[in-house]
Amino acid sequence: MKKFSKYIICLILIILSIFVLNLHEDENNKLLVQGNELSYKSFSNDYVTKLNNEMKSYDMEIPERFTLVSENETRALYFERDTLALAILNKTNGYVWYSYDISRNYEEEIQNNIISKEMANQMRSGVLLRTYNVFTPGLRTLLDTDLLGKSVIDIKIDTLVNGFLAHIDFTNVKIKFDLQVYLEGNDLVVEIPYDSIVEYDPKLFEAGNKDVLINEILIYPFLGAIEKADNGYIVIPDGSGAIVSLNEVPKYRLNYSAPVYGKDLGFTETTEVTSLNVTMIKPLARITLPIYGIIHEVDNTGLLVISESGANYATYNYVSRDVTTPYYQSYFTYSYRTAYKQFQSRVDKNQHILGFQRVPNIFDLKQRYVLLDGNEANYVGLAKAYRDYLVKNNELKDRIQEPQYRTKFDIIGNEIEQGILWNKNVPTTQYEDVVKIIKEVQTLGLTKLDMTYKAFAKGKMSYRFDVMGRLGGNNDFKDMLDFFDKEDIDFSYYVDYIRTYKQSKHTAMRLNRKAMQELNYSYMFAYYYINNTIELPELIEKDLKKYHKYDITELALDGFKDALYTHTDKKRNVHFSVENQTAIYEALQILQDNNIRTSIYNPDAYLYRYVNKYLDAPLSSSELLFVTATIPLVELIVSGYLPLYAPYLNFTSSETDTLLRLVEYGVNPCYVLSGENTYKLKYTNSSNIYVSNIASLKERIKTYDEFLQPALSSISGYELVNHYFYQSGVTVSTFSNGITVIVNYNDYDVQYNGLNIPARGYQVQ
Amino acid sequence: MKKIILFFLTLTFCYFMVSYSTKAESTNSPYYTYTADSNRNLIPTTDAYTPDKQIYTVNGQRFERLEHLFIDKEDYLYITDSKGKTEVIQKDPETGEELINPITGQPLKRIYTGKVIVLDKNLQFVGEIYHDEIVFPKSTFVTNDSIYVVDVTKTSIFIFDRLAFLENQEIILKQMIGKPTHPIFQDEYEDGKRVSTGYPFRPDHIVVDKRGNIYVQGLDSKNGLIMLDSDGYFMTFFGANPLRVPILDRIRSIFLTETQEKKAQEITDKKIIHDIPANLAIDEKGYIYTVTSSISTNPIKKFNVSGRNYFNENMIGDLNMISIWIGQYENIYGLSSNGYIFEYDTSGNLLFLFGGKDYSSNRVGLLMTPVSIAQNSDDLLFVADQSNKLIQTYKPTTFTNMIHQAFKAYYKEGNYEKSRDYWQYILQYNSLFDYAHIGLGDAYMRERNYEAAYREYYYANHYEGISDAYWGMRQQWLKSNLNTVLFIVVILIVLRLFYYLFDKRYGWTNRIKGLINKLRLKVRVIDELLYLFAFLRHPLNGFYEIKRENRSSIKTATIIYLLIGILIALNYRFTNVIFVPKVGVNIAYELLVLALILILWVVANYLVCTVSDGEGSMKNVYIATSYSLSPIIIILPLIILLSNVLTYQEIVFYHFGYLTMLVWCAFLLFFMIKDIHNYSVSKTIRVIFVSFFTMLIIGLFLYVINALGNQMLAVIREIIGEVIYR
């Protein structure tokens, strides 16, 4: 009996431990051992990756079929002649990045029917070319052969100083281009110059010819692809940033792809209205960063990929394992030509043919691979590597001089509404009321304020600068500015040079020669129109006089999310988004030269060099099903250089979560206000605003401020230098002034280094 | 000891049972949320519900085909999975020992397909209901002591003992209700041949009222719900949707004789659209709710015992509504297969609309093929998604909880003061929330703070409220100012008296009259305008003078028309909002339409009268019409002024004024035609009709010309464009 009871006790102990372990898997893991762990209680509950403090070194042998092309003190570049596949050795830790899985014997697998020949070719080929062949796309690889098994791709290799140059000729479809691969310091750079791309079919676009046109190019889509990594993840630039852990069994076998800097409106059609006449589904968060990352082992080895040139035409792709291949993939595709709908009937939208642009998109493709090792090999290090890249290239220039916790208010001054006979102005906040509102805000205890005034200019049918008599006229406006000066309030004027609400001669045209418009979903206007971005410098130049006259020193610029597109002019010349980008730079330079600072709403990375304040900072990714955790990628990159401001807090529903997120990311709060009752806005173009009056918002602003103040007053404006997930629902953010903020999203208290972090609260250390 | 081990085993086992994942710190939901204002426009609002958990496996088994969710009063969740499989080890019915397969030596297992999974409030597994008889369970309904399971293949309702199941996981079939024995459901046979089929009894969903009567929503049940008593005897049909007969057939049926109609009926029957309810629900008071997926204007109906629908004919809904649930605040949830979730208040006003279909983005909270909705006592919403094979839950936000609390305080408890705090809180998150303003207004009314109430009602465009609040304000004003009013009246009377006395002596009236006459002689327009009063006193004489003596001119008539136009505009602008709503009115457009009708009338009438021996010229018609409409100039200003001191209680005065004006105008118009053209009464009537018809024809003609012209212009423009660009 005694013997028996021993077994029973053992059994009980085992069962108990299983029980406890399982408890930890659920929400009750209140007391986890502290470590630099990744355990964000995201959608998939616990995600834990141990951060190793010890550096590993790898011993990886590169197969002989790879030949060394270039080498320096830290890197060595090898390549395989037939496939142009790469092997990059990081000499610091011995890790080798391959552009495909070299552990497999593809020929054998093809023979044994384990893998199809097409798939094997796609995986190994360094460059993939997607073409339009009489309307159906085809994916071509460097290993394509004709029916007799003879290669149809002609590759000539030249050596460069630090790499190689491959002249690739897809002879079967008569398309050729050059691929340059070389080491630049510690980075690997891959380039396809635009001039080298030639579609040399002499009968191209001639009637009766079965045109094969270049659609997009994929470079090294399997570089860094991996079957699983116990302690690794892929960094996706969606919204504020997200990571996907590389589990053996993906929870969701889902892919994701989204255009960098938003979709190109030159090719897309206006969204259709839903049956309920409202948009029900929020758009996905935008990709504002032209980067992605693959971390194979946290704190040991990772890869940052930067689309250095051509990001305007790049699409980011994440592919889960077990969808088409057994690998997790992450890569950019570059679009050279897009089909668009050429409508033949004004009423029947189904009656259309596909049009193809004649000239491929003009841009030099350049992609940089930054190899990360040691402490750099995690999302913080990755972000910092990109930040360093931006600093080196003068995209991020000045560090914030006086880091400050500031609260921003956007005040809607004037709106537009359908009147009895014609559109009429709806003044919502007089200049003198602005002063009253700010004074009222000051009584709530808020001291450091930023203010943006937004008014619809009926003459321009857009939000532009205009001092209006009905809002109080010149004198009141000047008084308002004087008041701001006196009270040390940063004032900026809201202008949107990209979107207008009436079609005009400035409206850009899509490739199918229709006006570029998008659904607007306000009570007042069903659509907004997009101005030709190329005219931007001209428009801004015109307004300069007024800015000087009224002493406007800062503008809050909106609309840039729609500014990069391909379009056609009246003479049927196609203009590419690269031109738009140049025009934007020119326009913003004009403002800078005239000492007008620019704050930009949700700016893309290419705008950073002109951003004074980063408004509408993303606080979350799109929270896609397969994502393991949302990370502050954008914040890690720009904090310390650009002051960050949140989207309007008026409309938040899960208040505490949002406020905690501001604390976690070190982002300043922002509100939208109006002097008049919000009902005044109900039938205007701001009909999506449902709470804006200071009387309604007073209490909330005060409560929020009291909640945020203790943390943000010591961290806002400082660089976010470290961030990790301490345990389920608990994050730790460290800022450059040495302050650490521990945020607890859980419904229960949590201990951190002997510190009690209250439920749904935070502690500053 | 054994017991203890068993206990732990079951404990750990139970723990594994239901796996779900939680969405914790999402600061965002993937969908927008809308509410409706009192004019039934959708307006955006702060999130009402945020995605919470996703339940996808129970007992390590994924759901196979989710059909229905039901939550009983104790928050047990009944999940109907029509393809879900359960393996049960067979036991000897006598000895209770496990049976062994003689060939394999393994325990003999039986696999049941189709089951109802039961989870408790904490989403822990309780048990599964399966039965030899059940083939394709479609839905459940649970009362205090019974679990009803509907089987669509067996077309039967199975009733299990609830307590035995919840306490001991015993599956005891109490009763089985099949096709009712009533003749209407039976096929008719003659000489062994079937001559007609019985009414279809194919139950999909059911509800059971307190007396045990079963309301069956069945496939193809054109007569509405089938009501059975607790023993399954047919009682009656209930709550059918009105038939939709094509308009042409409806018009035709007016003219047909009985026999013709019978013949036509057979053809029409095929064209009639039967809106068969898709789902149903019952609330605590016994009201039955149906939802119909083929109707978009009033998909949800609330019936009392006698079958009367309480809900508005044009509530905000969507086609493809497929599921309905009644919440604990008498709020109603509707689910459409487009993924939209609707929440209505107890009167069918839309509170919230959110959700959506997931096409490619794969975001938590969006749905693929939603089929059923239910809610527990924590207000957590459960939605079954058939293609994603999961149950998505949605958690109410604080904002929504406040609204529910406010409704509870307001409707259930009648505690207006308490509800006021809630409403004020709600307005901090959405100042355009009309229900909150109305609730606040009601609270202020109770406090007799009429002005505050008026303001709140005014924001919400709540006309009854505005009227009541104004009534209060007027009452208060009168109370405090009655003396002043009386004093002013007395003074006016005295002044009039003095005037009368002094007028005799100084002849003021005559002097003024003289001045006016001088003016009339000098300026013709003034003379003609003032003639209006004479005209209105003696209209017949007036028409004669207009026709024969050229008493008025086109210029004056135009001025009169303009005056009328201005007055109509003023009417929209200044009449009390409770009589003339100010939302969504485009006065310019209305005036344009009126002007067009007027021109059409003048032209049509002139044309018609020319060919029917009418004597009047176009000019006569134009002028005389303007004078005939002149009562508007006299009465409308009075109505506008008066309306501003009236409430709904005195609405009769407002309507009386309007009616007088219209009748007067109609009278004048009639005699205008008669006298100007010198017709008899009967001919006048005929001419008026013909004029109207002519107006219609001209209107049609203009419309066609317009449409063709536009096409033509577009073609020309495109040709020019082509020529220029090529």
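Here, each number is a calculation from the coordinates, and none is a lab measurement. What you see is a predicted model; the values in this text were computed from it and never measured. All Cβ positions, even for glycine, are placed from backbone atoms using ideal geometry, and neighbour counts span all protein chains on display.
Calculate the mean, over all residues of peptide B:316-325, of how many other protein chain Cβ atoms lie within 10 angstrom of the residue's Cβ. All intermediate terms of the calculation are to be shown ahead of the outcome.
On the way: counts 1, 1, 3, 1, 1, 0, 0, 0, 0, 0.
Taking all residues of B:316-325 together, the mean is 1.
For B:ILE512, what charge total do you get from the other residues with a beta carbon under 12 Å from its beta carbon, if Lys and Arg give +1 and Asp and Glu give -1?
Residues close to B:ILE512 contribute a combined charge of +2.
Sort region B:663-716 into rounded, prolate or oblate with this rule: let a ≥ b ≥ c be the square roots of the eigenvalues of the Cα gyration tensor; rounded if a/c is under 1.5, and if a/c is not under 1.5, prolate when a/b is larger than b/c, oblate otherwise.
Prolate, because a/c is 1.5 or more and a/b exceeds b/c.
Which angle from 0 to 90°, rounded to the nearest 10, does the C-alpha axis of helix B:681-725 make with the longest principal axis of chain B?
Compared with the principal axis, the helix lies near 70 degrees.
Across peptide B:432-439, how many C-beta atoms of other chains are within 10 Å of each residue C-beta, on average? Kindly include the intermediate steps, with their values, before the conclusion.
Values: counts 10, 2, 1, 0, 0, 1, 0, 0.
Per residue, the number of nearby Cβ atoms from other chains is 2 on average.
Does chain A classify as rounded, prolate or oblate by the C-alpha gyration tensor (a ≥ b ≥ c root eigenvalues; a/c under 1.5 gives rounded; else a/b over b/c gives prolate, otherwise oblate)?
Taking the square roots of the gyration eigenvalues as a ≥ b ≥ c, chain A is oblate.
Please give me the summed charge of the neighbours of A:ASN72: other residues whose Cβ is under 10 Å from its Cβ, Lys and Arg +1, Asp and Glu -1.
Taking every Cβ under 10 Å from that of A:ASN72, the sum is -1.
Across the residues of B:332-345, average count of Cβ atoms on other protein chains within 10 Å?
Per-residue shielding by partner chains comes out at 1.
Which is the longest part of chain A that has none of the GluC sites (Glu not before Pro) sitting in a DSSP loop with at most 13 other Cβ atoms within 10 Å?
With a cap of 13 other Cβ atoms within 10 Å, the longest stretch comes to A:273-765.
Fewest Cβ neighbours within 10 Å first, please rank B:ARG474, B:ARG363, A:ARG464 accordingly.
B:ARG474, A:ARG464, B:ARG363
Test of understanding: ordering A:MET468, A:MET451 by Cβ neighbours within 10 Å, fewest first, what list do you get?
Fewest-to-most ranking of A:MET468, A:MET451: A:MET468, A:MET451.
Gap in Å between the Cα centre of region B:259-288 and the Cα centre of region A:536-559?
Answer, in whole Å: 65.
B:LYS222: which aspartates and glutamates have alpha carbons under 13 Å from its alpha carbon, excluding same-chain residues fewer than 8 sequence positions away?
Partners found: B:ASP269, B:ASP275.
When each pair of different Cα atoms in the protein assembly as shown is counted once in the 1/r mean, what is the Kirkwood radius in angstroms, to one decimal?
About 38.2 Å for the protein assembly as shown.
What is the order of A:ASP264, A:ASP398, fewest Cβ neighbours within 10 Å to most?
Starting with the residue having the fewest Cβ neighbours, the order is A:ASP398, A:ASP264.
Can you classify region B:368-466 as rounded, prolate or oblate using the Cα gyration tensor, where a ≥ b ≥ c are the square roots of its eigenvalues, rounded means a/c under 1.5, and otherwise it's prolate if a/b beats b/c and oblate if not?
Prolate is the answer for region B:368-466, as a/c is 1.5 or above and a/b outweighs b/c.
Considering only lysines 8 or more places apart in sequence, or on different chains, count the pairs in region B:518-708 whose C-alpha atoms sit under 29 Å apart.
Number of lysine pairs found: 15.
Counting residues in region B:518-708 as N, plug N into 2.2 N^0.38 Å and put the Cα Rg over that result.
Computed over Cα atoms of region B:518-708, the ratio equals 1.11.
At a Förster radius of 41 Å, what calculated FRET efficiency corresponds to the Cβ-Cβ distance of A:GLU227 and B:THR297, to the nearest 0.05?
0.15
I need the helices of chain A that pass two filters: whole DSSP H segments spanning 27 Å or more by Cα along the axis, and mean Kyte-Doolittle score no lower than -1.0. Intermediate results must be reported in sequence, preceding the final value.
Numbers: long enough: A:2-25 (35 Å, 1.40); A:694-715 (29 Å, -0.05).
The answer, listed by residue number, is A:2-25, A:694-715.
Pull out the extension gain between B:ARG496 and B:ASN483, defined as 0.36 nm times the separation in residues minus the alpha carbon to alpha carbon distance; nm, one decimal.
2.7 nm
Output the 0 to 90 degree angle, nearest 10, between the alpha-carbon long axis of helix B:434-446 and the longest principal axis computed from the alpha carbons of chain B.
Helix B:434-446 sits roughly 70 degrees off the main axis of chain B.
Roughly how tilted is helix B:463-506, in degrees to the nearest 10 and between 0 and 90, from the longest Cα axis of chain B?
10 degrees
Work out the FRET efficiency for A:GLU108 and A:LEU444 from their Cβ-Cβ distance, taking R0 = 45 Å, and round it to the nearest 0.05.
0.05
With both bridge residues required to lie in the protein assembly as shown, what share of the DSSP beta bridges run antiparallel, to the nearest 5%?
Bridges in the protein assembly as shown that DSSP calls antiparallel: roughly 90 percent.
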